[in-house]
1. From the list L305, L311, L219, L253, exactly one residue is in contact (Cβ under 8 Å) with a residue 40 or more places away in the chain and assigned by TED's automatic domain parsing to the domain that holds I157. Which is it?
2. Looking only at the stretch 15-42, filter to residues that are of a type in the set (G, A, S) and part of a loop (DSSP other than H, G, I, E, B); which one of those is surrounded by the most Cβ atoms within 10 Å (Cβ to Cβ)?
3. Restricting to the stretch 147-189, and then to whatever is more than 19 Å from C237 (Cα to Cα) and exposed (fewer than 14 other Cβ atoms within 10 Å of the Cβ), can you tell me which residue is farthest from the chain's Cα centre (by Cα)?
4. Going by the conditions given, is I4 buried (at least 19 other Cβ atoms within 10 Å of the Cβ) and within 21 Å of K277 (Cβ to Cβ)?
5. For residues that are closer than 19 Å to G174 by Cα and under 28 Å from the mean Cα position of the chain (by Cα), scanning just the stretch 190-200, find the one that is surrounded by the most Cβ atoms within 10 Å (Cβ to Cβ).
6. State all residues of the stretch 43-72 that are crowded, with 21+ Cβ neighbours inside 10 Å and among the polar types (S, T, N, Q); if no residue qualifies, say none.
7. Based on this model, can you work out whether I7 counts as over 15 Å from F252 (Cβ atoms) and either touching a Ser or Thr at 6+ places or on another chain (Cβ under 9 Å) or assigned to a strand (DSSP E or B) (or both)?
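The values are calculated or read from the model by the stated rules, or taken from the named source; none is laboratory data. Here the structure is a predicted model, which means the values were calculated and not measured. Note that each Cβ is placed from the backbone with ideal geometry, even for glycine, and that neighbours are counted across all protein chains shown.
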Amino acid sequence: MNTIENIIIIGGGPAGHTAAIYAAKALLNPLMLEGFMAWGVPPGGQLTTTTEVENFPGFPEGVGGLELMKRMRQQSINHGTRIETITVESVDLNKNPFKIIAGGKEYLTKSLIVATGATAKRLRIPGENKLWQRGISACAVCDGGLPIFREQRLVVIGGGDVACEEALYLTKFGSEVIMLVRRDEFRASKAMQERVFKHEKITIMRNTEALECIGEKVLEKLKIINNKTQEESTLECKGLFYAIGHQPNTEFLQGQIAVDQEGYIITEKGSPKTSVKGVFAAGDVQDKVYRQAITSAGVGCMAALEAEKILEEQREKEK
């Protein structure tokens, strides 16, 4: 008969590890299923693909994304978290204990924290993989202030509110910001459009798409095409920022938890509680606004504390 865990955490990013640390300190003996290249990302989540993190408290000189996640993982282990590097295939949340299938094995748990994150959408054009995080990023707030982008021509791809926000943010660092919008019009709100149109550092190229990222060790140029005239050209730039959306990693839940139209897990306002009692969500899998390591960590803490309350309630009922 399978052991029934107190708590299982799915995902090994900042949200998952913070939840694990708090759960372990509460003597809940947490089990983390961190995933093995789940959604094409190494254990540790998207932060492992970020070269330098300068806005995480406690690291005044900055820290590499991979190094930060190694430290979080070790801290989880030091406090007693058990970690298995396997990817969850499916879950059954119809009754407690919840059933989880991962790596062909079955796990049972009294409480569950989903911290599987969201994967940035990419164009998958030639040169992208080679130069990812070498001038190419999907988060201006995370990476825009790095020295490589200072006083350089930067490019943002996208025409929604997020793309406008990213472009405006990058004007603090770049000498010029060019927005590539594949349609003739923006999807962004009128207010955001006006801010972008009026900014002297921002240039807009409509009906334009990226074809290829060019550079030896870092991004140097971007091959582009006007999709109306089919005219191709090369744009010199040192930074390329994708703002074409994220895909929350929730498909394995198979509709058993309430999600919004984009697939993000819906949680109670100001809480990590989901539509299923005893199941909590933390990090980018439920946050499409902030998407920062520190906010993910904060909600991970909340999820562990809420799970501890639920487990205490269960123990009281069993008496």
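1. Numbers: L305 fails: assigned by TED's automatic domain parsing to the domain that holds I157; L311 fails: assigned by TED's automatic domain parsing to the domain that holds I157; L253 fails: assigned by TED's automatic domain parsing to the domain that holds I157.
L219 is the lone residue from the list that is in contact (Cβ under 8 Å) with a residue 40 or more places away in the chain and assigned by TED's automatic domain parsing to the domain that holds I157.
2. At the first step, the residues of the stretch 15-42 found to be of a type in the set (G, A, S) are 15-16, 19-20, 23-24, 26, 35, 38, 40.
Next cut, part of a loop (DSSP other than H, G, I, E, B) only: 26, 35.
On the way: A26: 18, G35: 26.
The qualifying residue surrounded by the most Cβ atoms within 10 Å (Cβ to Cβ) is G35.
3. D184
4. Working: buried (at least 19 other Cβ atoms within 10 Å of the Cβ): no; within 21 Å of K277 (Cβ to Cβ): yes.
When the stated conditions are applied, I4 does not pass them.
5. In the first step, residues of the stretch 190-200 are kept if they are closer than 19 Å to G174 by Cα; the result is 195-200.
Keeping just the survivors that are under 28 Å from the mean Cα position of the chain (by Cα) gives 195-196.
Values: R195: 16, V196: 21.
Going through the qualifying residues, I end up with V196.
6. Selection gives Q46, T50.
7. Yes.
Here's the yes/no breakdown for (1) over 30 Å from M37 (Cβ atoms); (2) at pLDDT 95 or above; (3) not β-branched (V, I, T):
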{"position": "L123", "(1), (2), (3)": "no, no, yes"}
{"position": "C142", "(1), (2), (3)": "no, no, yes"}
{"position": "I148", "(1), (2), (3)": "no, no, no"}
{"position": "Q152", "(1), (2), (3)": "yes, yes, yes"}
{"position": "I204", "(1), (2), (3)": "yes, yes, no"}
